[in-house]
Amino acid sequence: MIVVGGGASGVLTTAHLLRHRHPDLRVTLVEKSRELGAGIAYGTSHPDHLLNVRAANMSAYPDDPDHFWRWVGEHSSIHCPDAQSFAPRRLYRDYLADLLSPHLVQRPGSRRLAIVQDEAVGITETGEGAAVHLNGGGRLNADIAILATGNEGPKLPPAPWRFDGWFDAGPAAFSSDADVVIVGTGLTMADRVLSLLHAGHRGRITAISRRGLSPHAHRPVQPLRLDAADIPYGTGITYLTRWLRRLVAEHQRAGGDWRAVVDGLRPYTQPLWRSLSQEARRRFLRHARAWWDIHRHRMAPDAAARIEAARRTGQLAIVAGRVTGFDPRGSRVTVRYTARTGASERRIDADAVFECRGRAADVTATENPILRQLLAEGLVRPDSLGLGLDVGLDCGVLRADGTASHRLFAVGPITSGTFWEIVAVPDIRQQVAKLARNLLEASP
């Protein structure tokens, strides 16, 4: 089998495949960078960039929930006080890479894992399986190929004042007194603000998004116990929103925290998403997604406290508005936006702009060469919302004509149109565990 992509999704897929003792199993992991487990989510080395999930829930294996926490105790000198703490994301990158280490020290004749450092640029289905074509000119053959391409940020034209919010880059290019604009107010914005503050930045920071909403902080809660019969499957967004608000209000009147309700709903979000009509899904994305995201994808308490402190001092301002354009002026830029509270256009002069709007919204605009090739040749198709690739519940991709492939599969964020909640490790590990089990139990 070939796994394309060595970020979190790809490493987790590979680790779950290798847990099976199938005598003929051989896995090749293709990743263009030297570092496994990094990707966008865990590529950061900044000490203030923390996991947004407690260490206790970050095991790679659903059936071994303490695996990550045990690994921290055995391998890391970084202080994590307990399993309910939020570890640095760089530490999780090391954990992911270490999942595969035992499989790389086996004797060459018995080794079941090969790592190929190259970029996969194409896939063709053959009569016997799939062939993965590499940027370096090579070709790899396998029975099964699994796409684990992870997150892809939005692409904008390069400019000397524009910086990619996903990576630790930029502050050295401007002074600590510079005026900074961040487009987006989610978790990526929080990372960027924390990086700036850690570097001693003193200038004004303005973060803009259409609704001006920012993630809430985690608090210690026990998920509310819900039964599948309690979930209003197949209803519309209006009814679903009222039901959730009513449930939260009831729980809070009883002295509870709204976080317990959101966490209690988590095991049901994927089937709930699948039960919605296409129109209901579109309405959710258009009207409710921003509110869901700030309640569902929360910040570590320490990170949230630093963000709030910057807001209290006035260094950080979060603005509700729609960015309408950028007017470069020498080394600076004027950011134009329309405030949510009024129709008049406003302007902010800045020395730097960080693009932190999160994942790309349209898979057909991808710059990933393997996805472009597969889409162009009809070997895959976008899901109905364009969030990713159209896949079945078994993760097999659907071709342009609607037929299902039994040779090509996809996992992780690229399958969000089908599964929705498939960007966090607790969800991805369940997905890849099931896929590995299905593929290898079906093999002779």
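Starting from the Cα gyration tensor of the chain, multiply each eigenvalue by 5, take the square root, and state the resulting semi-axes largest first in whole Å.
Numbers: eigenvalues 246, 139, 115 Å².
In descending order the semi-axes read 35, 26, 24 Å.
Would you please put 71-79, 195-203 in order of how densely packed they are, using the mean number of other Cβ atoms within 10 angstrom per residue and starting with the highest?
Going from most to least packed, we get 195-203, 71-79.
No solvent, one uniform scatterer per C-alpha: report log10 I(q)/I(0) for region 242-333 via the Debye equation at q = 0.10, 0.11, 0.18, 0.23 1/Å, two decimals.
-0.46, -0.55, -1.07, -1.25
According to the square roots a ≥ b ≥ c of the eigenvalues of the Cα gyration tensor, what is the shape class of region 350-444, taking rounded for a/c under 1.5, prolate for a/b larger than b/c otherwise, and oblate for the remainder? Could the numbers behind the result be given before it?
On the way: a/c = 2.55, a/b = 1.48, b/c = 1.73.
Verdict is oblate for region 350-444.
Of all beta bridges DSSP finds with both residues in region 109-221, what is the antiparallel percent, to the nearest 5?
For region 109-221, the DSSP antiparallel bridge percentage is about 70.
Count the DSSP beta bridges whose two residues both fall in the chain, then state the antiparallel fraction as a percent rounded to the nearest 5.
Roughly 50 percent of the beta bridges in the chain run antiparallel, per DSSP.
Restricted to Cα positions, what overall size does region 228-296 have along the principal axes? Three whole-Å values, descending.
Result, largest extent first: 36, 26, 18 Å.
Just from its helices, what would the mean residue ellipticity at 222 nm be for the chain, if runs of 4 or more DSSP H residues each count -39500 (n - 2.57) and the sum is divided by every residue, rounded to the nearest 500 deg cm²/dmol?
Values: 14 runs with 138 residues, N = 444.
The helix-only estimate for the chain comes to -9000 deg cm²/dmol at 222 nm.
Quick check for me: using +1 on Lys/Arg Cβ and -1 on Asp/Glu Cβ, what's the dipole size of region 228-296 about its Cα centre, in debye to the nearest 20? Present the calculation step by step, with values, prior to reporting the outcome.
Details: 13 positive and 6 negative charges, 59 e Å.
Dipole magnitude for region 228-296 comes out near 280 debye.
I need to check one value: relative contact order of region 228-296, counting alpha carbon pairs closer than 8 Å and at least 6 residues apart, in percent.
Over region 228-296, the number comes to 45 percent.
Report the Cα centroid-to-centroid distance between region 353-431 and region 325-341 in angstrom, as an integer.
Their Cα centres are 33 Å away from one another.
Run the dipole for region 146-253 about the Cα centre, Lys and Arg Cβ at +1, Asp and Glu Cβ at -1, nothing else charged, and hand back the magnitude in debye, nearest 20.
460
Only four residue types carry charge here, +1 at the Cβ of Lys and Arg and -1 at the Cβ of Asp and Glu. Report the dipole size of region 30-165 about the Cα centre in Debye, rounded to the nearest 20.
So the magnitude is around 320 debye.
Is the shape of region 1-83 best called rounded, prolate or oblate, per the rule: a/c under 1.5 gives rounded, else a/b larger than b/c gives prolate, else oblate, with a ≥ b ≥ c the square roots of the Cα gyration tensor eigenvalues?
Note, shape of region 1-83 comes out oblate.
With an 8 Å Cα cut-off and a minimum separation of 6 or more residues, compute the relative contact order for the chain in percent. Spell out each step's value before the answer.
Working: 842 pairs, mean separation 88.5, N = 444.
Relative contact order, the chain: 20 percent.
Given Leu113, Pro220, Leu408, which one lies farthest toward the positive end of the charge dipole of the chain, if we put +1 on the Cβ of every Lys and Arg and -1 on the Cβ of every Asp and Glu?
Comparing the listed Cα positions along the dipole, Pro220 ranks first.
What percent do you get for the relative contact order of region 359-444 when only Cα pairs under 8 Å and 6+ apart count?
Here the relative contact order equals 20 percent.
Beyond 17 Å, what share of the Cα-Cα pairs of region 119-164 remains, rounded to the nearest whole percent? Show your work: numbers first, answer last.
Numbers: 539 of 1035 pairs.
Cα-Cα pairs in region 119-164 separated by more than 17 Å: 52 percent.
I'd like to know which of Leu316, Cys395, Ala433 lies farthest towards the positive end of the charge dipole of region 282-441, counting +1 on Cβ of Lys and Arg and -1 on Cβ of Asp and Glu.
Of the candidates, Leu316 comes out farthest on the positive side.
Does region 383-439 come out rounded, prolate or oblate by the C-alpha gyration tensor, with a ≥ b ≥ c the root eigenvalues, rounded set by a/c under 1.5 and, if not, prolate when a/b is larger than b/c and oblate if not?
Note, shape of region 383-439 comes out oblate.
Please compute, over every Cα-Cα pair in region 118-267, the percentage with a separation greater than 25 angstrom. Walk me through the numbers on the way to the answer.
On the way: 6831 of 11175 pairs.
In whole percent, the share of Cα-Cα pairs in region 118-267 beyond 25 Å is 61.
None of the figures in this text is laboratory data; all of them are computed from the coordinates on show. It should be emphasised that the depicted structure is a prediction, and the values quoted were computed from it without experimental measurement. Positions of Cβ are generated from backbone atoms using ideal geometry, with glycine treated the same way; all protein chains shown enter the neighbour counts.
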